[in-house]
Every structure is written in C-alpha cells, then in structure tokens.
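These notes concern the structure reproduced below.
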Amino acid sequence: MSWPAEVRAGLASALDAEVGLDEGFGPPTLDVPPDCWVDALTTLRDVAGYTYFDWLSAVDELDQGFSVVCHVAALRGPRAAEPPADGANGDASVGEAANGDASVGEAANGGLAHLLLRTRIPRDAARLPTAVGVYAGAAWHERETHEMFDINFVGHPNLVPLLLPDEFEGHPLRKEFVLAARVAKPWPGAKEPGESDHEASRAPSRRRVAPPGVPSPDAWGPRPPGSPAPDPMEAAAPARPARRTDRGGRAAGRAAGARGTERSARAPRPDRTASEAAPEGNPPTPPPDDSPAGETPSDGSGGDA
C-alpha cells in the first residue's frame, strides 16, 4: 500500500467517514465531507505529521459548487493517521514513520511529503468552518478566498477584504463575474485577429471575437430595476459568434482551396514515350546520328555496294 493510501485509510478511520483519494495529477488529494473539514485538518496536523501549512484557496465548479483546497506538507514524511493511545504521544510505529523509514523516505521525496485536502460545498450555501484554529496562517488565505469567491468561513476572527478596495463590487474569481474591462478597452492579451480593436484598421472585414471571460450581452450588463439576475451558468459561458450558413463568400473560397489542395495531392502523370507523343499518321522522328563521318556502323551493315 502506498503512503497516500495509508494516510487516507488512517484519516478515514479517525474521522469515521468516507475519504476519497485522487493521485491523478500533482500531489495526492484527499476528499472529505464539509462537516469533517476542521477535524481532518487537525488529524493531519497532530497525528499524521502535516505540520506545515502552505496555502488555501477555492475553485469555481459552476453547477457543482465550490471546491475548497488546502495544501499541507509533512517535513519528515507522513505518519499513519490514527489517534495515539491515551496518555501517550504516539506509539512506536508512528514514531518510526515520523522519523522516516525506507519506504516513507522514498515516497516523501527526501522527507518532504505534499498533500492536498479538498472538500466540496454547494453554490447556494457557500460556507465552511474556519481553519484558523488549526493553522494560524490560514487567516489571510481565507480572507482572500472570501473576497474572491464569496465563501463565508464561519468563525473567522476578521473576515474582511484583503486585496480589493472597499468600493469594489463583486467577486472576481467566480465564473459568472464579467470581465467588462476586456470589452471597454483593447485587450492586451489578444492573439488572434479580431480579438481587439487595434486590428480593426488593418483588417476591417474581420469579425470581432469576444475575449475570454466575456459572456453574451444578453447574459450580463445593466438591467432595468427589478429584473431578475442573470443565470451564473449562462454568464460563465463565453459568447461565440454564430457560424455562417450561406454557401457564398468565404465558403466558396474554402471550397476552391480544398479543390486546389486535392489537385496538388494527386499523383503526377507519367512521361509519355516518343510514339505516344507523335501525331497520328506521322512516324516518330529518329534521333540524329552523332557518328563521325566515314565511320562504319558497328554492325557492319552500312557501306557502298
């Protein structure tokens, strides 16, 4: 059993809850229910040896809610996440694992094991108990996640904006948040023609492409008072111009280009022989005789009578 699987099994036993394990990409990720969030962090810190807190953030999963992720590390390798015996600081096996045996040392990449703890909260009830009591450094990370995603960390001592000005409205890392600045001024990240107004003078016939993060005008923008708010799922989808259905203009050009490509891909015609190239009724002209004057042909058939 790998060390992430051992940590998952020990954490599931300590929490008496289902714990998932994802080793598909990056550090191993453990998935726990939201009501076990603080207990899972406490167990990882006090029992499994993950005493180093790195960062905490979230991901907008649209209709699936928000994923809150915390990155921690064990400086001396992971320990089995099982509660220690009463009156003891840990049994012998936990102590040996903490010091790093051969398997743990190799898996932990020289005594440093990285681990992600993840939970999923619903979009309409974006709240989670604070982790400040477990890792004091989580205070700033929860403040940033709160202002970027509007996730309420219950019990946080000072959940106020960290980066954005006081007059800022909205939560920029939610996917329904409209990046209106990309429409109001040329987008500096434009890569394709039509993605910014600065190409209009050079290619006026090109249609303008909405930059990433800008939904359809029907899903955002000023609305009359009392009108319903836009659907976040609809606003999160970028606007794409409709494809042309006519067969003229560029469609004909594309068809002509395809025919030209097809002709160029055909096999070349073989060279014709002299008899095939001569017109009907006219025998092919023999090649000129380049022999020197007075020289008898090699077969001896020539000469005077």
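Looking only at residues in the stretch 2-49 that are among the small types (G, A, S) and more than 24 Å from F66 (Cα to Cα), which one is surrounded by the most Cβ atoms within 10 Å (Cβ to Cβ)?
Keep residues of the stretch 2-49 that are among the small types (G, A, S), which gives 2, 5, 9-10, 12-14, 17, 20, 24, 26, 40, 48-49.
Still in the running and more than 24 Å from F66 (Cα to Cα): 2, 5, 9-10, 13-14, 48-49.
Working: S2: 12, A5: 12, A9: 16, G10: 22, S13: 15, A14: 22, A48: 26, G49: 24.
Ranking the candidates gives A48 first.
When residues of the stretch 13-65 are filtered for being among the β-branched types (V, I, T), closer than 25 Å to L173 by Cβ and part of a loop (DSSP other than H, G, I, E, B), how many remain?
Residues of the stretch 13-65 among the β-branched types (V, I, T): 19, 29, 32, 38, 42-43, 47, 51, 59.
Filter once more, keeping what is closer than 25 Å to L173 by Cβ: 29, 32, 38, 59.
Then drop every residue that is not part of a loop (DSSP other than H, G, I, E, B), which leaves 32.
Qualifying residue count for the region: 1.
Since every read-out is calculated from the coordinates, none of them should be taken as a lab result. Quick caveat, the model's predicted, so the values are computed rather than measured. Ideal geometry is used to build each Cβ from the backbone, glycine not excepted, and the neighbour counts take in all protein chains shown.
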